[in-house]
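Working notes, beginning with the structure itself.
Values quoted throughout were computed directly from the atomic coordinates according to the rules given, and no laboratory measurement underlies them. This one's a predicted model, so the numbers in the text were calculated from it and none came from an experiment. For neighbour counting, all protein chains shown are included, and Cβ atoms are generated from backbone atoms with ideal geometry for every residue, glycine included.
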Amino acid sequence: MHLHTLPLSDLPLHTHAKICSIQGGKGFQHKLQVMGIQEGRTIKILSKQPFKGPLTIKVCGTHLTLGRGMAQKIMVEVIL
């Protein structure tokens, strides 16, 4: 884990970040890879639903919705 990494679920709205690592099994990592979520890519949270609901993200020009559990396993580093 890098010094300034945090789970994607904790990233503030409209902040750009770089994906540093994905924690989880090979099946989970493959699922995210198919969706375009890979280490080194830039990601941004567009919206967060209340009460621990899903997040809408933008990665590679595509808008996706992820559950909070999945987002907690994606470690990101804020791009300043």
Can you give me the relative contact order of segment 5-78 as a percent, contacts being Cα pairs under 8 Å and 6 or more apart?
-> 45
For the chain, give the magnitude of the charge dipole about the Cα centre (Cβ charges: +1 Lys/Arg, -1 Asp/Glu; no others), in debye to the nearest 20.
-> 200
Taking the mean number of other Cβ atoms within 10 Å as a proxy for protection, how do you rank 46-53, 70-77, 31-38, 17-24 from highest to lowest?
-> 70-77, 17-24, 31-38, 46-53
Cα-based reach from K52 at 15 Å (exclusive), listing aspartates and glutamates while leaving out same-chain residues under 8 positions away = D10
